[in-house]
Every structure is written in structure tokens, then in C-alpha cells.
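Q: First the structure, which I've put down as C-alpha cells, then a few questions once you've had a look.
The values are calculated or read from the model by the stated rules, or taken from the named source; none is laboratory data. Note that the structure is a prediction, hence the values are computed from the model and not measured. Here the Cβ positions follow ideal geometry from the backbone for every residue, glycine too, while neighbour counts run over all protein chains shown. Accessible surface is based on the protein model in full, side chains and every heavy atom, while ligands, DNA and RNA are left aside. Shrake-Rupley method; radii C 1.70, N 1.55, O 1.52, S 1.80 Å.
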Amino acid sequence: MIRVLAAVLSAIMFAAPAPAEETPMHAGMLAHALDRLATTGRVLYVGAHPDDENTRLLAYLANGRHLTAAYLSMTRGGGGQNLIGHEQAELLDVIRTEELLSARRLDGALQRFTRMRDFGYSKSAAETLAIWNHDEALADVVWIIRTFQPDVIITRFDELPPNHGHHTAAAILAREAFEAAADPQRFPHQLTGGVQPWQAERLLLNVPTWREGPPPTDAITLDVGEYDPRLGLGYGELAARSRSQHKSQGFGVPGERGPIIERFISVAGTKATTDIFEGVDISWARFGDRSKPFASALEEARNKLERDRPEQALPALLEAHRALDVLPDVPRVRDARTALDQMIAAAAGVFVRATAARPGAPPGSLVPVRVETMLRRPATMNLRRVVFSNATPVEVNTALVLNEKKEVAGDVPIAADAAISAPYWLANPSLPGRQVVSDPHLVGEPKGPPSLAVGVDLALEDRVIHLDTPVVYAWTDPVQGERTRSFLIVPPATVTPQRQAVMFPNRKAAAVELRVRAGKDDLRGDITLPLPAGWHARPASLPVVLAHAGDETSVRFRVTPPANAEAVEVRPAIDVGGTAWSYREDVIDYPHIPMQVVLQPARLRLVPLALRLPPGPIGYIPGSGDTVADDLAHVGLRIEVLDDEMIRTGNLSKYRAIIVGIRAYNTRDVLRAAHRQLMEYVKNGGTMVVQYNTNNRLASLDVPIGPFPLTIGRDRVTDENAVMAPLNPKQPILLNPNRISPDDFTGWVQERGLYYAESWDARYEPIFRTADPGEPPLLGGLLVARYGRGRYVYTGLAFFRQLPAGVPGAYRLFTNLIARGSEQ
């Protein structure tokens, strides 16, 4: 298999890996957490995608104003592009979810999501709300408002076009939900289990800086560029670190120092003139006189907290713990109880970790778990009990001694009917516009509850604090040191297709390869590939024996389609002890986010196609992370990946064509230096195909990419079913070696293309006219130019999505692009 690594990945390869679920609370963080607990103000910031959030504002609100701030992203961002790897769609959702959580761990805000999917760029809110289902999307935003109970809601975007349809839809939904959340007649099914209607005080727009014209004269202004001595950073610097977690989008930014002005205008609710929380009581006085002892105790704790002796605040924190008992059971109070328990533990320097003996275990098994507890500051504290899942609590009742490790071990049974640890929003097949979530109470949460957790009760004086600790697996990497990952409930084995779609050129037999990984010791099972009538697999099943959990093997079936076969979807499975299991496993491991082992139902497309191939070899210059080289090799082309040295000084003439991967000119400096050599290659008879690159205010493309002037714009066609009308049906690129017809544009996914050329020299020939509904036609999606004896092609068509998805027409058209002119 050809492995294509983005050049930008080298910049982050040797960073310290992010741990799973563990964020130490140092003295500065503890002081901020305590100040935040003394404040009841809440703000919900609403956008559409990961990276839409204003991290400067969130960092300031959470740390400078000590408000509980949350960012609501309507989607998880899987419809975008990936600058650091080849993951797309659901796996990119996972990456961007974790990037948002990494950002929030830095800036101190919380993270929320709806069930809505990022289905790709949308040019109107009407389209977005139709695909999402307006009422379902609104219900999610209402639910999040009712359960989070913000005093102030801020939208990132306004409702004015032009803008991404997801952006505008997010603003519309925020406005509608502002009123609907307070109406008991709207979505009344949500009003159970203590959930009540909620009326936020006001809805504001964070005035966009990208809109032309002067800022509104009646806008509220905030300087969010303060310096935070507890963290040693200004909020512009902290925000840059937070925003730079969006590495899959290439959104690293420099730190800002000095004044940073944010502006806000009123959208709904009470109007403010000087401050976004003007007229809102953000103290505990909103709960009346009975909250006074709690507020007083918190003030005492804030006064007693010392940088080098945080335990000095423990008596006051315990008094606050007592005072909470008389307050009502509402979200702010429930969250305060949890936060106060964590702060008491942090002030005492308590370390708790629950470690499983192995990274995963199947249902019906027994998992050894070891709980380590240590008191690292002088305090009087007892380890009262340890509560293992599905097991009798272990009564310990032992005093913790300063800097002495206390371990409690237990064997945790995994229920025979326990759910496999798939992300809750991927456990069911998604709809085109939204994810299907079985438990509605999980809506809004970034992640579901941990697969296994341990409860630890610690006693101080007359109080007991409770810490819930996710079970992790820990190991030592010889380069990166100690690493951890979440413990998972796994199937006895996973059967992961090596490809998303297996192609059957000219309906000939093809190999289907599956990676089998054991989730238990002494695995014995039979792999099957259930096929529709007329399809045949040899052999019908394959036995697998693996000695240890974590062992892997590959199995291969030879599959033959029937003569009239159409594309089908199948679910490979392994039968273990009479039960069939069909799950795939994907490992996502980048240094800036915790390792993710993603379990999903296993699915595989089998796709017959008629295809004629030109002879090879073909050179491939990787860009920012696509699978096009692998996809073309899969159907029989001989692909060679070109490194920098080969591009600069190698004999390129041996290649019948050279393909440049997506965003390669944005990420590969060698292409700037090697432009002359590449153009000489074309001039001397070669074919060069350049896939899309970006050119915008964040990443301008200031280097030539073709033999003649060519400017890439931001135009795209988002309707994957848009008519592709040939400008010259007799153009050889449409005729040989494969005759392209309208049928070749059926079944495309997400979009036709992106980053079309917006202007070009007259020597380029546009091939197709296409348009989104109601828009003028675009011609810049595929340009061809003769140069010397060769041919140059620029294409914004989204082959990087279509080929791995198994779209037959995309293979046929791409093959025509790389054929030499003499072969047409």
C-alpha cells in the first residue's frame, strides 16, 4: 500500500503526545477555577464548525471574567479537508472533535455539539436547514440552552449573505432557539428529569471583522487582550495556542499582544449599552439569602489560596462544601458540587488514576483494574471507598499518607450485553444531514460516558468528596515516554476493510482484504463476507486463530461479480462462538490530541466499472493528505511516489504522467523550486495533472502552478448532482481511453469540486460548464493546456473524495486526464 504523508505533519510529529482524560490543575488554573466557581454567569457562543469559535473572546470570558463559557458547534467538521492526514468524513469528525476539546482545555471554556452533520460547503441557509431538518436542528439548540442555561448567547455569524450556509443557519437557529427555549409549548418532550424552559437575558452578535465598512456605532466594545499573570500569557497569546489546535485545518496562528477589541450588537432580549452582562446578577445572590454562606466560604477560600500552599484554602473549601447542601438541585448547583470536589482534591494535590491491565476487553470478560491514589500536599484525608463498575464497592477506610501511593485493585466484570465502545454519535448509521443518537440526553455532549469508570470517595473532616475517574490504559513509549488512552469495550475481534470501496474493473474478480485484530486472548473465529445473489467469494469463509489480544492478521477473499452487477454494500463479519461481530477499527494518533481508537460498524462497497487504463508508470507528488495514489494503484495503475530529491533532480521523463496531490503547492516548498523542471517535463511530452490548491486570505498562492498564467479562486460547486455539460463533446480528454457520458457523473459524493480557477490564460481550454442551482455557470473546474509536446491539467473536481468512495465515473475521467495526448 502506498502511504502518503502530508509534509506539514513533520512539524508536529515529535511534540509531546496528548494524554487521555488527564489535565493537571496547577496553581494558576486552580485560582481561575475557584474564581469561576464564585461566579454564576454563563455564556453560550454559537457557530457552525470547529474553528468558527472566537478563542480570544472565550479565553477572556473564561479566565478574565471567570464566566462559565461554552462553544456550541453545530457540526463536528467532517465535511472539510484534512491537512495532516488522509482521514475524511466520520474519522475527520473524530479528529476535529478532539481538536476542539484540546482547544477548550487550553482556553478554559466548555464544548457542546448538536447532531447536525457537516455535509460540505453550502451556499444558502435554506439548503442547510433543509438537509439538517430545521426542526431537529432547532430542537438540539433548544435542548442545549435548557440544560446549560446561559445568561447571554452570542452568535459568531450574522444572517446576511454571502456566507457559508452552515454559518447563516447557525445564526438563524440561535435566534429562534433564544425564544423557543423559554416556551414550554416548544419541544415539551424535553421537559423531564428536572429540565425546565430557560430564558436567556440577551442574544448578541459578535460583530464580524470580515464584513466591509466601519463597525456599528452602537456596538458594545470589550478589550479582550488583557495579560493574565496566573498563566503568564495575554489572552491573545492563549487564544493563539487554543486556535492552533485546529491543525487538521492548518489554522495555526501567531500570538497577539496588546489591546484586542471585540464588538457586539443586540439581536434579541434586553439591550445592553456598556457590557455584555450589563444588568445580569452573576453572583450566587440569584439563589437568595440561603446562598450567602456558600458565597462567603468561597470568598474566604479565594483569600486563603496560596500559590505554593494551596492546601491553606481547604478549610474554607470544606465550609463551601457544607453550604452547598441547602441549595436547590439545579444545573449550576450540580455543576458546582462536581467542580468543588475537584478543587478540594486539587488543593490537596490528590492524584487518582484507574488503569486497566489491557487497552480493551470484550463483553462478558473480567478486567483487572488498579486504582492509584496519592496525597501530595499536607492534609488530613481518608480514602473511604473505591467503586468499580458492576462490582461491589471496596470499603478502604485508610488514611492517606503524604507522598505515599495507595493502590486498590479489583476485577471488573464487563456485562455480557455491554455496548461496544463506538462514539455515541457514530454507533448508528447517519442520515445525510444529521447523526442518529439513541440516547437523547447525550445530545450536546462532546463524548459519551467512559466505557469504564471508577468512583473514589475521599473523606475530609465531616465531608466526603467524590471523584469519577475514567479507566485508562497506560504504557511507555521509548521515544515519547508515558502514554495513556481510554479503555474500550471491544468486540472479540474487528474486521477492518483495507479500503472503503473495492473496485472491479471490467467486472473481473478482485481481492477483498480485511485486517483482523483480536480483542481477546485465544481468538478462534471464522471470517465471512456475506454477498448478494450472483456474487461469489473464494473461499466462502476463512478461519482465524490469534493467540493474544492485540494480535493481527490479514485475510483475503477473491470476489467475482455477476455479469450485470451493480455496486453493493456488504458487511464483513467474524463468527466467534456462534455470534457474528461486524466492527472496524481505525487508530487516530496525532501528538496534539489523545490517541483515538474508533470502533464503527464495518461496511464495504463493492463497485464494478468499465475501465481502460493507459500504460504506466505514473509519478505522484503527495500533498496534504489524500488517498488518490492508493486508489489509482488499486485499479491497476503503476504508481511511484516522488520525493523531493526526485522532483528536483530525477529523470522525470520516465513517467507517462505526473500527478500533484491536493494542496501540494500550499504545503510542498519543493514545487516552487522545481517549477522549471516540471514544466520542461510537460514541454517534452509529459502529462501533468494538478489537483486543487487553496488561495485565500489565510493562505495565498503566490507561485506559478502551470505553464501559463492561472489564478485559483474560491468558487466551488456544492451540488454533487449538478449537470456537467461538456463545452466540446469531441475533446479527446472526454473520449479516450474511456468515453465519458452523463452516467459518469452519477453517484458523486458531497460536491462536484472546489477551488476552481477563476481566471486563466486563453491557451487553457475549459472542459465543463457546471453550476449550483440558481447560480451562473462555472468553467474553471477542469482546464487543459497543450504545452510543447505535452499536456497540463488543473482540476478542482473533488477526485480526492470520489475515488476512495468508489465512484466509477471519477475513475474513468481521472484515467483520461493522465493519458498522454498521443494515446487520445
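Q: Counting only protein heavy atoms, what percent of the accessible surface of the range 91-171 is carbon or sulfur at a 1.4 Å probe? Before the final figure, lay out the partial values.
A: Working: 1190 of 2100 Å².
In the range 91-171, the share of accessible area belonging to carbon and sulfur is 56 percent.
Q: Quick check for me: using +1 on Lys/Arg Cβ and -1 on Asp/Glu Cβ, what's the dipole size of the range 731-824 about its Cα centre, in debye to the nearest 20?
A: Numbers: 10 positive and 9 negative charges, 88 e Å.
Magnitude of the dipole: close to 420 debye.
Q: Over the Cα atoms of the chain, what is the Rg over Rh ratio if Rh follows Kirkwood?
A: Working: Rg = 28.9 Å, Rh = 29.2 Å.
For the chain, the value is 0.99.
Q: For the range 416-548, what is the largest minus smallest coordinate of the Cα atoms on each principal axis, given in angstrom and ordered from greatest to least?
A: Cα spread of the range 416-548 along its principal axes, largest to smallest: 76, 41, 35 Å.
Q: I've got another one for you. Along the positive direction of the dipole of the range 521-680 (beta-carbon charges: Lys, Arg +1; Asp, Glu -1; about the Cα centre), which of ILE527, PRO572, VAL670 reaches farthest?
A: Positive-most Cα among the choices belongs to VAL670.
Q: Quick one: compute the contact order of the range 18-82, relative version, from alpha carbon pairs under 8 angstrom and 6+ residues apart, as a percent. Walk me through the numbers before you get to the answer.
A: Working: 64 pairs, mean separation 23.6, N = 65.
Value for the range 18-82: 36 percent.
Q: Which order do the peptides 56-69, 241-254, 665-678 come out in when sorted by mean C-beta neighbours inside 10 angstrom, highest first?
A: Averaged packing, sorted descending, gives the order 56-69, 241-254, 665-678.
Q: Report relative contact order for the chain in percent, whole number only (criteria: Cα-Cα under 8 Å, sequence separation at least 6). Mind showing how you got there, number by number?
A: Values: 1929 pairs, mean separation 88.1, N = 824.
Worked out over the chain, it gives 11 percent.
Q: For the chain, with the dipole built from +1 on Lys and Arg beta-carbon atoms and -1 on Asp and Glu ones, taken about the Cα centre, which of LEU233, THR380, GLY41 lies farthest toward the positive end?
A: So the residue furthest toward the plus end is LEU233.
Q: Please compute the per residue accessible area over the range 659-755 with all protein chains in place, 1.4 Å probe, rounded to a whole number of Å².
A: Details: 4080 Å² over 97 residues.
It amounts to 42 Å² per residue over the range 659-755.
Q: Oh, and also: Starting from the Kirkwood radius over alpha-carbon pairs of the range 367-494, derive D by Stokes-Einstein at 25 °C in a medium of 0.890 mPa s and give it in µm² s⁻¹.
A: Values: Rh = 17.3 Å.
D, rounded to a whole number, is 142 µm²/s.
Q: Find the Cα radius of gyration of the range 497-635, compare it with 2.2 N^0.38 Å by division, and give the number to two decimals. Write down the numbers at each step before the final one.
A: Values: Rg = 17.0 Å, N = 139, 2.2 N^0.38 = 14.3 Å.
Normalised Rg, Cα atoms only: 1.19.
Q: Hey, another quick one. Starting from the range 163-208, pick out the trypsin sites (Lys or Arg not before Pro) whose DSSP state is loop and whose Cβ has at most 13 other Cβ atoms within 10 Å. Could the numbers behind the result be given before it?
A: Working: sites: ARG175, ARG186, ARG202; in loops: ARG186.
Answer in residue order: no site qualifies.
Q: Next question. Can you list residues from other chains, or at least 5 along the same chain, whose modelled amide H is less than 5 Å from the amide H of GLY661?
A: So GLY661 has HN proximity to ILE621, GLY623.
Q: Angle between the Cα long axis of helix 292-304 and the longest principal axis of the chain, 0 to 90 degrees, nearest 10?
A: In the chain, helix 292-304 runs at an angle near 80 degrees to the longest axis.
Q: Using a Förster radius of 51 Å, what is the FRET efficiency between GLN196 and GLN480 based on their Cβ-Cβ separation? Nearest 0.05, please.
A: Computed FRET efficiency for GLN196 and GLN480 comes out at 0.60.
Q: Which peptide among 211-221, 618-628 comes first, and what is the full order, when sorted by highest mean count of other Cβ atoms within 10 Å? Spell out each step's value before the answer.
A: Details: 211-221: 10.6, 618-628: 25.5.
Per-residue mean Cβ counts within 10 Å order the peptides as 618-628, 211-221.
Q: Tell me the label-point distance for the pair ALA339, ASP743, using the 7 Å Cα-to-Cβ offset, in nm and rounded to one decimal.
A: Roughly 6.3 nm, to one decimal.
Q: Could you size up the charge dipole of the chain around its Cα centre, putting +1 on the beta carbon of Lys and Arg and -1 on that of Asp and Glu, and report it in debye to the nearest 20?
A: Working: 89 positive and 94 negative charges, 484 e Å.
With Lys and Arg at +1 and Asp and Glu at -1, about 2320 debye.
Q: Next question. Counting helices only, and only those DSSP H runs with n ≥ 4, report the 222 nm mean residue ellipticity of the chain as the sum of -39,500 (n - 2.57) divided by its residues, in deg cm²/dmol to the nearest 500.
A: On the way: 17 runs with 171 residues, N = 824.
For the chain, the value works out to -6000 deg cm²/dmol.
Q: About its Cα centre, what dipole magnitude does the range 495-562 give when the only charges are +1 on Lys and Arg Cβ and -1 on Asp and Glu Cβ, stated in debye to the nearest 20?
A: Numbers: 10 positive and 6 negative charges, 84 e Å.
Computed about the Cα centre, the dipole is about 400 debye.
Q: If you take every DSSP beta bridge whose two residues both sit in the chain, what share of them, in percent to the nearest 5, is antiparallel? Spell out each step's value before the answer.
A: Numbers: 103 of 147 bridges.
Just about 70 percent of them are antiparallel.
Q: Report P(r) for the range 689-771: all Cα-Cα distances, bin width 5 Å, range 0 to the bin holding the largest distance, values in whole percent.
A: Cα pair-distance distribution for the range 689-771, in percent: 3, 12, 20, 22, 21, 14, 6, 2.
Q: Let me ask something else. Report the net charge of residues surrounding GLU256, where surrounding means a beta-carbon distance below 10 angstrom and charges are Lys +1, Arg +1, Asp -1, Glu -1.
A: Values: positive: ARG56, ARG257; negative: GLU237.
With Lys, Arg at +1 and Asp, Glu at -1, the neighbours total +1.
Q: Same structure again: Output needed: percent of Cα pairs per 5 Å distance bin for the range 256-379, bins running from 0 to the one holding the longest distance.
A: Whole-percent P(r) values from 0 Å outward: 2, 8, 13, 12, 11, 11, 13, 12, 8, 6, 3, 1, 0.
Q: Sticking with this one: Can you check what the net charge comes to around PRO197, using other residues whose Cβ is under 10 Å from the Cβ of PRO197 (Lys, Arg +1; Asp, Glu -1)?
A: On the way: positive: ARG146, ARG186; negative: ASP183.
Net charge in that neighbourhood comes out at +1.
Q: Let me ask something additional. Sort the following peptides by mean Cβ neighbour count (other Cβ atoms within 10 Å, averaged over residues), highest first: 714-721, 477-484.
A: Working: 714-721: 19.1, 477-484: 11.4.
Highest-to-lowest ranking by the protection proxy: 714-721, 477-484.
Q: At 1.4 Å probe size, with every protein chain present, just tell me what the per residue accessible area of the range 284-380 comes to in Å². Don't skip to the end; give the middle numbers.
A: Working: 4270 Å² over 97 residues.
Heavy-atom SASA per residue in the range 284-380 reads 44 Å².
Q: I would also like to ask the following. Would you kindly calculate the mean projected area, averaged across all directions, of the convex hull enclosing the Cα atoms of the range 20-100, in square nanometres? Don't skip to the end; give the middle numbers.
A: Values: hull surface 25.5 nm².
The number I arrive at for the range 20-100 is 6.4 nm².
Q: Now a separate question. Please work out the FRET efficiency for the pair SER438 and ASP329, using the Cβ-Cβ distance as r and a Förster radius of 22 Å; give the result to the nearest 0.05. Working shown, then result.
A: On the way: r = 26 Å, r/R0 = 1.19.
Once rounded, the FRET efficiency stands at 0.25.
Q: Still on this structure: Over the range 557-697, calculate the relative contact order: mean separation of alpha carbon pairs under 8 Å at least 6 apart, over the residue count, as a percent. Can you show the working numbers first?
A: Details: 197 pairs, mean separation 27.0, N = 141.
Once divided by the residue count of the range 557-697, the mean separation gives 19 percent.
Q: Send over a whole-number figure in Å² for the accessible area per residue of the range 30-96, probe 1.4 Å. Present the calculation step by step, with values, prior to reporting the outcome.
A: Values: 950 Å² over 67 residues.
About 14 Å² of surface per residue is accessible.
Q: Now a separate question. How long are the semi-axes of the equivalent ellipsoid of the range 271-320, defined as square roots of 5 times the Cα gyration tensor eigenvalues? Whole Å, largest first. Could the numbers behind the result be given before it?
A: Values: eigenvalues 162, 49, 5 Å².
Each semi-axis is √(5λ); the values are 28, 16, 5 Å.
Q: How far is the Cα center of the range 38-66 from the Cα center of the range 593-669, in Å?
A: Centre-to-centre (Cα) distance: 41 Å.
Q: In addition: Any chance you could list the semi-axes, whole Å, largest first, of the equivalent ellipsoid that the Cα gyration tensor gives for the range 733-810, using √(5λ)?
A: Numbers: eigenvalues 90, 59, 27 Å².
Square roots of five times the eigenvalues give 21, 17, 12 Å.
Q: Pulled fully out, how much extra length does the chain show between THR380 and GLU758, if you take 0.36 nm times their separation in residues and subtract their Cα-Cα distance? Could the numbers behind the result be given before it?
A: Values: separation 378, 0.36 × 378 = 136.08 nm, distance 7.05 nm.
Gain on stretching THR380 to GLU758: 129.0 nm.
Q: From the alpha carbon gyration tensor of the range 366-416, can you work out the equivalent ellipsoid semi-axes (sqrt of 5 times each eigenvalue) and give them in Å, largest to smallest? Kindly include the intermediate steps, with their values, before the conclusion.
A: On the way: eigenvalues 129, 23, 8 Å².
Semi-axes (√(5λ), whole Å): 25, 11, 6.
Q: To test your reading of the geometry: what angle, between 0 and 90 degrees and rounded to tens, separates the Cα axis of helix 314-323 from the longest principal axis of the chain?
A: The helix 314-323 is inclined about 90 degrees to the chain.
Q: Ignoring ligands, DNA and RNA, please state the percent of accessible area on the range 587-721 from carbon and sulfur, probe 1.4 Å.
A: The computed percentage sits at 42.
Q: Among GLY258, LEU222, THR168, flag the residue with its Cα farthest along the positive direction of the charge dipole of the range 146-286, charges on Cβ as +1 for Lys/Arg and -1 for Asp/Glu.
A: THR168
Q: Expressed as an acute angle from 0 to 90° and rounded to the nearest 10, what is the orientation of the C-alpha long axis of helix 27-37 relative to the principal long axis of the chain?
A: 80 degrees
Q: Take the solvent-accessible surface of the protein heavy atoms, probe 1.4 Å, and return the percent of it on the range 492-548 that carbon and sulfur atoms account for.
A: Numbers: 1350 of 2640 Å².
Summing carbon and sulfur atoms, their accessible area is 51 percent of the total for the range 492-548.
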